[in-house]
1. To the nearest 20 debye, what is the magnitude of the charge dipole of region A:34-91 about its Cα centre, counting +1 on the Cβ of each Lys and Arg and -1 on the Cβ of each Asp and Glu?
2. Label-point separation (nm) for B:Lys320 and B:Asp348, each offset 7 Å from Cα along Cα-to-Cβ?
3. At q = 0.05, 0.09, 0.11 Å⁻¹, what log₁₀ I(q)/I(0) does the protein assembly as shown have when each alpha carbon counts as one equal point scatterer in the Debye sum?
4. With viscosity set to 1.306 mPa s and temperature to 10 °C, compute the Stokes-Einstein D of region A:1-132, Rh being the Kirkwood radius across alpha carbon pairs; µm²/s, no decimals.
5. Grab the beta carbon distance between B:Asp96 and A:Val121, set R0 = 35 Å, and tell me the FRET efficiency rounded to 0.05.
6. In the Gaussian network model of chain A, springs joining C-alpha atoms below 10 Å, which of A:Ile177, A:Ile147, A:Ile95 carries the largest mean-square fluctuation?
7. Just from its helices, what would the mean residue ellipticity at 222 nm be for chain A, if runs of 4 or more DSSP H residues each count -39500 (n - 2.57) and the sum is divided by every residue, rounded to the nearest 500 deg cm²/dmol?
8. Counting chymotrypsin sites (Phe, Trp or Tyr not before Pro) as exposed when in a DSSP loop with at most 10 other beta carbons within 10 Å, what is the longest stretch of chain A free of them?
Amino acid sequence: MKEIIGGSDFKKRLLIFCILLIVSIIIVLPYVWMLSNSFKTTMETLTDPMHIIPQEPTTAGYEKVLTKSPFFRWLWNSCFVTGINTIVILFTSSIVGYIFARFNFKGRNFLFAMLLFTMMVPAQVTMITTFIIIDGVGLYNSVWALIIPSFVNVFGIYLCKQYCEEIPKELIESAKIDGAGNFRIYWNIVIPQIRPALGALAIFTFLEYWNDYLNPLIYLSSTDNMTLPLALSYFSTQHSTDLSATMAASALIMIPAAIVFIIFQKQFIKGLALTGMK
Amino acid sequence: MAEVVLKNIKKVYPHTAEKDKKKKKAKQPPEKKSNLQITEDGVVAVQQFSLDINDKEFIVLVGPSGCGKSTTLRMVAGLEEITEGDLYIDGERMNDVAPKDRDIAMVFQNYALYPHMSVYDNMAYSLKVKKTPKDEIDRKVREAAEILDITPLLDRKPKALSGGQKQRVAIGRAFVRNPKVFLMDEPLSNLDAKLRNQMRTEIIKLRSKIDTTFIYVTHDQTEAMTLGDRIVIMKDGFIQQIGTPQEVFMHPANIFVAGFIGVPQMNFFHGCRLSKKDGGYAATLLGKDYALSAAQSHLLAEKNVADCTVTIGVRPVDMKGHAAEDGDAVIEVAEMMGSEVHLHMTRDGEDIIAIVSSREADLSQFEAGRKMALQFDPAAMHIFDSKTEENLLPCVEE
Ligand SMILES: Nc1ncnc2c1ncn2[C@@H]1O[C@H](COP(=O)(O)OP(=O)(O)O)[C@@H](O)[C@H]1O
Ligand SMILES: [Mg+2]
């Protein structure tokens with residue numbers, strides 16, 4: 001009896017395994033292909049793109065990226081933009097979310113509805129007006145153009161508000177009686193309570209700004225101010241593309257993202273689950 | 001050292017029509033249960049609440065769920081705004097003072113320990129906020145932990161504690177602050193019966209060590225009777241009676257208090273006659289006339305009570321009776337409790353309970369279905385006005 005169940009169970013598992021394997025291969029293939037091409041010459045990539053193992057492996061692409069372009073400058077820019085954005089968004093989202101969740105004030109619901117409404121409007125709609133404003137205040141071609149407009153993140157506020165609403169009322173009252181002021185309560189009690197939300201938000205924000213291609217393309221013009229994703233276009237000219245260098249740059253850009261992902265894997269999956277839930 | 005004075009305090013929770021739908025749903029059932037006054041402004045949760053609490057007194061607010069106990073306590077704590085009236089702590093008006101500046105500590109029913117902090121940090125938090133020197137914090141926390149017997153738990157997180165342990169930590173957290181006023185909102189309600197009895201004795205012991213003013217909220221009359229120096233009995237937002245446990249038991253101000261205090265409940269006989277007779281008063285109960293004592297009659301005469309319909313209350317311990325063919329009530333169950341027997345009877349659909357000493361009575365006579373003839377001692381009668389439900393003999397000296 002047991003064996004029969006075991007048998008059908010095994011078949012089921014095998015089927016699931018095969019499906020997952022195929023899907024994984026489909027997803028992973030481009031990355032493998034990218035890695036493999038980063039070790040080929042541009043010539044080989046163009047003539048013989050299907051070989052996974054390079055015929056004449058070379059690190060010329062990497063050398064070119066690291067020596068012929070201000071790669072470390074871009075790396076610094078990317079870290080700067082992503083780091084500041086992540087920290088600031090964590091702060092603003094949690095404190096604003098807390099205020100919306102726990103303080104009663106006139107027009108609270110109206111304000112929150114307005115915030116949500118801005119989330120419904122696609123970014124492309126406001127792109128031109130945003131550009132005009134940024135240019136108007138003199139931030140064109142500055143990394144700050146990528147930072148200051150991002151200080152408020154509606155999704156983050158929403159997420160934190162949901163979490164703050166779950167904090168037992170007595171916890172906050174207890175802290176009040178213990179002598180803590182509003183900011184201290186936020187810092188000592190609320191933040192630790194909404195940690196999972198903040199973890200997920202941190203990862204989402206990091207990836208969003210690390211991988212952002214469009215905004216740097218719009219706002220940055222000088223090579224020195226560029227962020228890493230723009231490196232992808234740096235090696236392309238109108239007539240030709242240095243595929244070897246482009247692929248090498250892509251691979252290099254992925255490394256920090258991969259590291260962050262591996263470190264925060266657990267939080268990331270939790271985060272995905274919780275954004276699906278709420 | 002702190003006197004707390006509440007002067008004609010009133011609390012109105014404004015209607016919240018559009019928002020807090022979720023909250024409202026949760027709140028609706030208790031609202032229906034109680035008969036709180038609802039005005040245009042909102043729900044009147046507490047009104048006409050006046051009470052002078054002496055220094056180091058242990059006051060218990062007791063009443064059925066939804067009667068406004070927590071609301072009152074939270075107004076003292078500063079967690080709830082006082083709609084009308086004045087609150088003084090040590091002579092200082094506190095209405096608009098923030099909770100942290102009132103020098104109070106509060107223990108919540110669900111403990112409200114900070115989940116991410118160790119027991120030690122939970123207890124140390126208020127001192128840290130006040131920027132107390134580290135070594136002083138350490139000394140105070142360890143001293144409190146010693147008294148409450150939680151020293152081995154100091155490094156644990158609240159998650160790893162049992163209900164009783166959490167309760168001790170919550171009390172310890174309040175204790176380290178050495179507050180002027182110690183507030184407790186149903187601190188024992190989440191514990192099982194055995195632990196509750198144990199913690200009750202601990203609170204009595206603790207009190208001798210803390211020596212401060214306590215305001216304690218409970219719905220359990222046993223807790224109220226055993227802990228309180230004075231008890232405040234509330235119903236539907238109004239104070240029903242304030243008095244020592246002895247006073248409220250012996251001289252309940254009205255039918256509600258009489259029924260609420262004391263287990264098993266007092267027996268009530270509705271529709272009895274109270275009449276003037278040869279200079280004194282007499283009460284007619286179950287067809288028999290009982291002449292009231294001179295002291296009782298004197299009190300009634302002083303209040304100018306005319307002949308009227310009354311409700312007479314008699315505590316189960318004061319019930320006397322014997323088996324008789326033409327008895328007044330039918331025995332349903334005789335519960336042997338050990339030293340006493342609880343005799344459950346019915347009469348015209350009304351339950352009557354009598355407590356009989358098991359040593360004195362012949363237990364074989366209490367068979368179910370047997371009839372009992374009841375007798376009463378006029379001195380043990382509580383006489384309430386049928387209309388106002390007030391006690392007509394509020395304070396008869398024995
Ligand atoms: N925040 C609130 N908003 C509206 N009504 C409330 C609120 N808190 C309590 N009430 C109402 O006030 C009444 C008294 O509540 P409470 O003081 O908690 O009663 P108790 O502690 O005696 O059970 C209840 O009917 C309750 O529904
Ligand atoms: Mg309550």
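Read-outs: derived from the displayed coordinates by stated rules, not from any lab. Remember, predicted model here, so these are calculated numbers, not experimental data. Methodologically, a virtual Cβ is constructed for each residue, glycine included, from the backbone with ideal geometry; neighbour enumeration extends over all protein chains shown.
1. Working: 4 positive and 4 negative charges, 57 e Å.
That gives region A:34-91 a dipole magnitude of about 280 debye.
2. Going by the 7 Å Cα→Cβ label model, 2.4 nm.
3. -0.44, -0.96, -1.18
4. Details: Rh = 21.7 Å.
Estimated diffusion coefficient is 73 µm²/s.
5. Numbers: r = 43 Å, r/R0 = 1.24.
According to the calculation, E is roughly 0.20.
6. The residue that fluctuates most here is A:Ile177.
7. Values: 15 runs with 200 residues, N = 278.
Helix contribution divided over all residues of chain A: -23000 deg cm²/dmol.
8. Numbers: sites that count: A:Phe103, A:Phe105.
That would be A:106-278.
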